[in-house]
Amino acid sequence: MLKEIWKWVLNQQEDQQISEIVNTVQVVIPGFRKGSKLPPKHIMIMQLLKPKYIQRMANSSISLSGELDEAYDFLNMSDKELESIKNIPPSLILLKLLSGKEEDKAITLFDCWKREHGEEGLQKMEEERKTVMETWLTSVKKDNEKKESFKEELEASSKEGGKWEKIQKKLERKLKILQDDFEQLQSEYKAYQDEKKEKEKEEKKEYQLLKTEYNQLQQEYQSEKLSYHVAKENWEKEKVALLLQIETIQNEKIQCYSNLLNQENKLENEKDRKTMRKIYLLGNPHNSSIFLNCPFDVKIVERKELDKVDFTDSQEIWGLTYKLDPQLLKNVQRQTNISIKKIETFQQLKQEIEKGREEYAKQKVGS
């Protein structure tokens, strides 16, 4: 915060004042010798803002003009008294406080001005008060010159006792002129203050109008923003609903394709089944995995079902001799008058089924 205030204060000063501060705190500027041509203002300020030089400036009690130092004791004035000064630029008041170990007062005053006037308003106040101060200093210097002249004349008159009355009258006339000039200055200053107050009143009124307009625009913006968010939220909901509908339609479409494919496969399997060789397998091998992709329509007949099955629609009958008694197979052969292929091992059963697969594959290729 202090660096920010120092930067603002230094930027308001004239080149000569910055040069005097540089010499006071003994700033070393690379590339520039002491006593040579002054460096550019921004380079001097950049060096002064380094921590060690800020510390030196804070302890240097920088002097202003003789008239200012004589008229105002800034270091011993209260915050309220400092705020009430209207004819001295803020930068000079802050410069005196900062270089006189009154940083807290400077920070408080700077914050108050920025909060009340803003950065642009503070800069405008700086420029206006510079003009007022120059007028005031000119008046003070004239008064001092007149007082000095009066003092010199008074000393001369003491040496020339015989001319005292003439000198006294002359001095009274000059004093009257001074009083008239002072009253004129007071009148002009009061007129300036009245004009300034009126201007500030108008500016405050204009500010309130702009603030009201801004608040209205802000409300309209918030309303439009809310409407936009509501519309966006509704669109998002509609979008989600549409996406769900699309997803449902796509799923239904996929399901239709799947059902159609299953139906086609079912018809194809049914067709294949009708052309398969129908084989009755007497005896259960108890291993259903060997019948996966089996090219035969195999019907397994358990031992207890042998005398109940009608074999008239069979094309072949296979008998598992390792599962059933050979005599039972002979009885079935005699009853059906159909030759039974005897399968003596599980391995032989697998071979027969594999052989059937190969033949079925050749038929498929041929067709």
inquiry  = If a residue must be touching a helix residue (DSSP H, G or I) at 6+ places or on another chain (Cβ under 8 Å) and within 27 Å of Gly121 (Cα to Cα), how many such residues does the stretch 22-56 contain?
reply    = 6
query = Going by the conditions given, is Tyr257 surrounded by 10 or more Cβ atoms within 10 Å (Cβ to Cβ), modelled with pLDDT under 85 and of a type in the set (Phe, Trp, Tyr)?
reply = yes
remark   = Only one of Met57, Met46 is at pLDDT 85 or above and touching a Ser or Thr at 6+ places or on another chain (Cβ under 8 Å), namely Met57
ask   = Counting only residues that are aliphatic (A, V, I, L, M), open to solvent by 90 Å² or more (accessible area, probe 1.4 Å) and over 20 Å from Glu120 (Cβ atoms), how many does the stretch 191-218 have?
value = 1
request  = Within the stretch 60-108, work out how many residues are modelled with pLDDT of 85 or more, among the hydroxyl-bearing types (Ser, Thr, Tyr) and within 24 Å of Tyr189 (Cα to Cα).
outcome  = 2
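Residues are listed down the side, and each one gets a yes or a no for (1) more than 17 Å from Met276 (Cβ to Cβ); (2) at pLDDT below 90:
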site: Phe296; (1), (2): no, yes
site: Thr312; (1), (2): yes, yes
site: Gln315; (1), (2): no, yes
site: Trp318; (1), (2): no, no
site: Leu328; (1), (2): yes, yes
site: Val332; (1), (2): yes, yes
site: Ser339; (1), (2): yes, yes
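Per-residue answers, yes or no, for (1) at pLDDT 80 or above; (2) closer than 25 Å to Gly66 by Cα; (3) assigned to a helix (DSSP H, G or I):
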site: Lys146; (1), (2), (3): no, yes, yes
site: Leu154; (1), (2), (3): no, yes, yes
site: Lys163; (1), (2), (3): no, no, yes
site: Lys170; (1), (2), (3): yes, no, yes
site: Arg173; (1), (2), (3): yes, no, yes
site: Gln184; (1), (2), (3): yes, yes, yes
remark   = All-but-one check, Ser339 against (1) surrounded by fewer than 17 Cβ atoms within 10 Å (Cβ to Cβ); (2) closer than 11 Å to Tyr280 by Cβ; (3) in contact with an Asp or Glu (Cβ under 9 Å, 6 or more places away or on another chain), failing number (2)
remark   = Residue set Leu82, Leu98, Leu137; condition touching an Asp or Glu at 6+ places or on another chain (Cβ under 6 Å) and either more than 20 Å from Lys196 (Cβ to Cβ) or touching a residue at least 12 places away in the same chain (Cβ under 8 Å) (or both); output residue Leu137
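Limited to the stretch 1-25, what total is found for residues that are in a loop (DSSP other than H, G, I, E, B) and surrounded by 14 or more Cβ atoms within 10 Å (Cβ to Cβ)? Even if it seems obvious, please write down each step before you answer.
First pass over the stretch 1-25, keeping only residues in a loop (DSSP other than H, G, I, E, B): 1, 13-14, 25.
Restricting the remaining residues to those that are surrounded by 14 or more Cβ atoms within 10 Å (Cβ to Cβ) gives 13, 25.
Going through the stretch 1-25 one residue at a time, the tally reaches 2.
So, Ile93, is that one in a helix (DSSP H, G or I), aliphatic (A, V, I, L, M) and open to solvent by 20 Å² or more (accessible area, probe 1.4 Å) or not?
Working: in a helix (DSSP H, G or I): yes; aliphatic (A, V, I, L, M): yes; open to solvent by 20 Å² or more (accessible area, probe 1.4 Å): no.
Judged against the criteria, Ile93 is not a match.
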remark   = Counting only helices (runs of 4 or more DSSP H) entirely within the stretch 26-83, those with at least 2 residues that are of a type in the set (A, V, I, L, M, F, W, C), within 19 Å of Gln13 (Cβ to Cβ) and open to solvent by less than 30 Å² (accessible area, probe 1.4 Å) are 41-48, 51-58
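Say we look at the stretch 260-287 and pick out the residues that are more than 21 Å from Asp313 (Cα to Cα) and modelled with pLDDT of 80 or more; which of these is most open to solvent (accessible area, probe 1.4 Å)?
Here is the first cut: in the stretch 260-287, the residues more than 21 Å from Asp313 (Cα to Cα) are 260-268, 285-287.
Restricting the remaining residues to those that are modelled with pLDDT of 80 or more gives 285-287.
Working: Pro285: 13, His286: 136, Asn287: 56 Å².
Filtering first and then ranking leaves His286.
The values are calculated or read from the model by the stated rules, or taken from the named source; none is laboratory data. Predicted model, so just to flag it, every value in this text is computed and none were measured. Please note: Cβ atoms are built from the backbone with ideal geometry, for glycine as well, and neighbour counts cover all protein chains shown. Heads up: the accessible areas ignore ligands, DNA and RNA and are worked out on the full protein's heavy atoms, side chains in. Shrake-Rupley method; radii C 1.70, N 1.55, O 1.52, S 1.80 Å.
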